[in-house]
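> Have a look at this one before I ask anything.
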Amino acid sequence: MATTSPHIARLAPDPSGHPAIDIVDVTKTFGDVHAVRGVDLAIEQGEIVAFLGPNGAGKSTTIDMILGLSEPTSGTVEVLGMSPRAAISHGYVSAVLQSGGLLRDITVRETVRYIGSLFPSSQPVDEVLAAAGITELADRRVGKCSGGEVQRLRFAIALLPDPRLLALDEPTTGMDVEGRRVFWNAIRRDAARGRTVLFATHYLEEADQYADRIVLMSHGRIVADGTGAQVKALAGGRTVRATLPHPDVDAIAAIAGVDSVEIRGEQVLIHSADSDAVARHLLTRTSARDIEITSEGLEQAFLNLTADHEGNG
Amino acid sequence: MGTDTTMRPSDATPATAAAAGPRGTRFGGFNGTVLGIELRRMLRNRRTIVFAMVLPAALLLSFSGQSGWRDRVGSGNVAAYVLISIALYGAALTAAAGGSMVAMERTTGWNRQLRLTPINPVAAILVKAMVALVMGACAIAVVYVVGAAQGKADMPVHLWFVCPLLTLVCTLTFAALGVFVGYIVPGENAMQIIGPGLALLSFLGGVFIPLDQYAASVREVAYWTPMYGVSEIARAPLTHELPWYAVVNAVAWFALFVAGAAWRMSRDTARA
């Protein structure tokens, strides 16, 4: 075995710098469902990028295409300058997937050995078990592991090829606080050595804490792309709702902080970073009544952001 | 962890490679580690062991009290005829159980996990076929060893090797059947259907009782069932009888089950 390894050993990262991920004008439809509606995304090597969005935003579908698990309906996906499948064959890419089923009747160590044996070159089993913090679970059957433990096992498996790109779909689902800490520490340590990490999450906090860059997805499109601070500003704000027949939309939209105005019959819904200014305007300059101010969750913020792109569709 | 997991360029040392265990994707991922773990999985499954090893052996012992056990059949006796038949039944059951496991793990997403590795899909199926064959061989071996120990079966020495080999080839049909049924009836329920189903087909196909003891109308149906062809083939070296329609039966059912398994499997892959 040892004699063959020099021939199949991995190449050094390309210094001329292919992007880690290069997605050009990609769409994906399942029957009538448009899961991804035209995404362009370039991620450089060494970036830690959070894919943020509510459930059904198209994050998992996009990650599947990056991993070659599904083909785009149109457009192209390249990983490190090659097709996703080629990148996986070289062991350049690995992933922690929500849906990756494991065999329940073998042990944690056997699972790692099994997958490790399939790669041309892989990290020692004990190392990846330690890195994922599951050394003491090595002899436990997978079927007896908790959700968080299985998730850490998936992470251990993902570390086997020592990948240059690690894609993580909701990686900390089911993990306890300690599990999350071990997990993110391991991620950051490897990222410091130049590994590119793309993780999907619907927690703004997690994205903000661990990513250099946040790509916000909703309804199959990228609706924002920037640093944590930039996206948080977009996701903040409140909605002011009032009964106001025939509102002067332009005047409302001109108030500082307002980013959307929606008319629903006699109701007007105003989304703004400064709800006080909106309320003051409505109370002093209009005949508005029944004023309600609600602060919105991230979910609603996503919907607001997307509404601009979707119109009534 | 302080150990080295850095992005390593092309200088993976032989020491590291050796420490990491068997490596290489020269056979598309078909390797000893995978084969070993897959076999251990089967052996750990108590239900499989009971069905595959214990039940056929018990069946053989329980049949042995029958009269006419020493009557001549072809170049051997009835005991040898029963021995071959029960080995076929045990091996078919084992292979079908293995096949249904394939379907189960694919529907639970294990194949998605495998697709994140360099393993070739053909190699993945080859591993499963190998495991099914090894387990089938174990099931056959148990029955033949029990039969030999019992000392009642009598047939020429070479048939003690030819018949089990033919039986083993015939069990591939039932590995495919297992995959097919496993997709249609997901989860653990597959075996609840395959177990009694194969027993019924075995009776109907003349595995346990020769067809000439059945009423003519039952026999007409039996010729069309999947156990009939393979049982005639497995026993042919002993009986020196092999109707052409038995061969057609065996080939047709093999083709049908393989096509069915491949069809479900490709749909499953497309969906992933």
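> How many residues, within the stretch A:107-132, are open to solvent by 20 Å² or more (accessible area, probe 1.4 Å) and either under 27 Å from the mean Cα position of the chain (by Cα) or at the interface with chain B (Cβ under 9 Å from one of its Cβ atoms) (or both)?
So the count comes out to 7.
> Just give me the residues in the stretch A:143-163 being assigned to a loop (DSSP other than H, G, I, E, B) and either surrounded by fewer than 24 Cβ atoms within 10 Å (Cβ to Cβ) or of a type in the set (Asp, Glu) (or both), in sequence order. Even if it seems obvious, please write down each step before you answer.
If we filter the stretch A:143-163 for residues that are assigned to a loop (DSSP other than H, G, I, E, B), which is where we start, we get A:145-146, A:160-163.
If the condition is that a residue be assigned to a loop (DSSP other than H, G, I, E, B) and either surrounded by fewer than 24 Cβ atoms within 10 Å (Cβ to Cβ) or of a type in the set (Asp, Glu) (or both), then A:CYS145, A:SER146, A:ASP162 are the ones that fit.
> Applying the selection to the stretch A:84-99, what residues are within 7 Å of chain B (Cβ to nearest Cβ), surrounded by fewer than 22 Cβ atoms within 10 Å (Cβ to Cβ) and within 24 Å of B:THR107 (Cβ to Cβ)?
Within the stretch A:84-99, just A:SER99 meets the criteria.
> Which one of the conditions (1) touching a Pro at 6+ places or on another chain (Cβ under 7 Å); (2) among the hydroxyl-bearing types (Ser, Thr, Tyr); (3) at pLDDT 95 or above does A:SER94 fail to meet, given that it meets all the rest?
(3)
> Moving on to the next point. Of the numbered conditions (1) among the aromatic types (Phe, Trp, Tyr); (2) open to solvent by 10 Å² or more (accessible area, probe 1.4 Å); (3) within 21 Å of B:MET42 (Cα to Cα), B:TYR81 fails exactly one; give the number of that condition.
Checking B:TYR81 against (1) among the aromatic types (Phe, Trp, Tyr); (2) open to solvent by 10 Å² or more (accessible area, probe 1.4 Å); (3) within 21 Å of B:MET42 (Cα to Cα), the one that fails is (3).
> Separate question: I'd like to verify a number: residues in the stretch B:9-60 that are open to solvent by 30 Å² or more (accessible area, probe 1.4 Å) and either at pLDDT below 55 or within 9 Å of another protein chain (Cβ to nearest Cβ) (or both), how many?
Selection size over the stretch B:9-60: 16.
> Further, regarding this structure: Consider A:GLY194 carefully, then state whether it is at positive phi and open to solvent by less than 40 Å² (accessible area, probe 1.4 Å). Show your work before the answer.
Working: at positive phi: yes; open to solvent by less than 40 Å² (accessible area, probe 1.4 Å): yes.
Yes; evaluated as a whole, the condition is true for this residue.
> Taking into account only those residues within the stretch A:133-146 that are within 10 Å of chain B (Cβ to nearest Cβ) and in contact (Cβ under 8 Å) with a residue 12 or more places away in the chain, which is farthest from A:ASP190 (Cα to Cα)?
As a first pass, look at the stretch A:133-146 and keep what is within 10 Å of chain B (Cβ to nearest Cβ): A:133, A:135, A:141.
Remaining after also requiring in contact (Cβ under 8 Å) with a residue 12 or more places away in the chain: A:133, A:141.
Numbers: A:GLY133: 15, A:ARG141: 28 Å.
That would be A:ARG141.
> Still on this model: Determine which member of the set B:SER231, B:SER266 is modelled with pLDDT under 95, touching a helix residue (DSSP H, G or I) at 6+ places or on another chain (Cβ under 9 Å) and hydroxyl-bearing (Ser, Thr, Tyr). Break it down into steps so the answer makes sense when it comes.
Values: B:SER266 fails: touching a helix residue (DSSP H, G or I) at 6+ places or on another chain (Cβ under 9 Å).
B:SER231 is the lone residue from the list that is modelled with pLDDT under 95, touching a helix residue (DSSP H, G or I) at 6+ places or on another chain (Cβ under 9 Å) and hydroxyl-bearing (Ser, Thr, Tyr).
> Let me ask you something else. Would you check if A:GLU170 is free of Cβ contacts under 8 Å to residues at least 12 places away in the same chain, open to solvent by 10 Å² or more (accessible area, probe 1.4 Å) and more than 9 Å from every other protein chain (Cβ to nearest Cβ)? So that I can check it myself, show each step before the final result.
Numbers: free of Cβ contacts under 8 Å to residues at least 12 places away in the same chain: no; open to solvent by 10 Å² or more (accessible area, probe 1.4 Å): yes; more than 9 Å from every other protein chain (Cβ to nearest Cβ): yes.
Answer is no for this residue.
> Tell me yes or no: at least one residue of the stretch B:167-180 is within 12 Å of chain A (Cβ to nearest Cβ), open to solvent by 40 Å² or more (accessible area, probe 1.4 Å) and more than 23 Å from B:ARG44 (Cβ to Cβ).
Start the filter on the stretch B:167-180 by keeping residues that are within 12 Å of chain A (Cβ to nearest Cβ), which leaves none.
No: the stretch B:167-180 contains no residue that is within 12 Å of chain A (Cβ to nearest Cβ), open to solvent by 40 Å² or more (accessible area, probe 1.4 Å) and more than 23 Å from B:ARG44 (Cβ to Cβ).
> Still on this structure: Name, by its number, the condition in (1) part of a loop (DSSP other than H, G, I, E, B); (2) farther than 17 Å from A:THR196 by Cα; (3) open to solvent by less than 10 Å² (accessible area, probe 1.4 Å) that does not hold for A:LEU102.
(3)
Every residue, every condition in (1) open to solvent by 30 Å² or more (accessible area, probe 1.4 Å); (2) under 30 Å from B:ARG41 (Cβ atoms), yes or no:
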{"residue": "A:VAL36", "(1), (2)": "no, no"}
{"residue": "A:VAL39", "(1), (2)": "no, no"}
{"residue": "A:GLN45", "(1), (2)": "yes, no"}
{"residue": "A:THR76", "(1), (2)": "yes, no"}
{"residue": "A:MET82", "(1), (2)": "yes, no"}
{"residue": "A:ARG141", "(1), (2)": "yes, yes"}
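> Being modelled with pLDDT of 90 or more and open to solvent by 10 Å² or more (accessible area, probe 1.4 Å) is the filter here, so list the residues in the stretch A:197-211 that pass it.
Step one: of the stretch A:197-211, the residues modelled with pLDDT of 90 or more are A:197-200, A:211.
Residue satisfying the conditions is A:ALA211 alone.
> Among A:VAL223, A:VAL249, A:VAL278, which is under 30 Å from A:SER99 (Cβ atoms) and either aliphatic (A, V, I, L, M) or open to solvent by 40 Å² or more (accessible area, probe 1.4 Å) (or both)? Walk me through how you get there before you give the answer.
Values: A:VAL249 fails: under 30 Å from A:SER99 (Cβ atoms); A:VAL278 fails: under 30 Å from A:SER99 (Cβ atoms).
Of A:VAL223, A:VAL249, A:VAL278, the one residue that is under 30 Å from A:SER99 (Cβ atoms) and either aliphatic (A, V, I, L, M) or open to solvent by 40 Å² or more (accessible area, probe 1.4 Å) (or both) is A:VAL223.
> Is it the case, given these coordinates, that A:LEU160 is within 26 Å of B:ASN45 (Cα to Cα) and of a type in the set (A, V, I, L, M)? Outline the logic, then answer.
Details: within 26 Å of B:ASN45 (Cα to Cα): no; of a type in the set (A, V, I, L, M): yes.
For A:LEU160, the condition - within 26 Å of B:ASN45 (Cα to Cα) and of a type in the set (A, V, I, L, M) - is not met.
> Only one residue in B:ALA103, B:ALA96, B:ALA92, B:ALA87 is modelled with pLDDT under 85, touching a helix residue (DSSP H, G or I) at 6+ places or on another chain (Cβ under 7 Å) and open to solvent by less than 10 Å² (accessible area, probe 1.4 Å). Which one?
Criteria check complete, one pass: B:ALA103.
> Okay, next question. Name the residues in the stretch A:47-59 that are at pLDDT 90 or above and either open to solvent by 20 Å² or more (accessible area, probe 1.4 Å) or charged (D, E, K, R) (or both), would you?
A:GLU47, A:LYS59
The values are calculated or read from the model by the stated rules, or taken from the named source; none is laboratory data. Keep in mind it's a predicted model, so treat the numbers as computed, not measured. Reconstructed Cβ throughout: ideal geometry from the backbone, glycine too, with neighbour counts over all protein chains shown. The accessibility values were calculated without ligands, DNA or RNA, using every heavy atom of the protein model including side chains. Shrake-Rupley method; radii C 1.70, N 1.55, O 1.52, S 1.80 Å.
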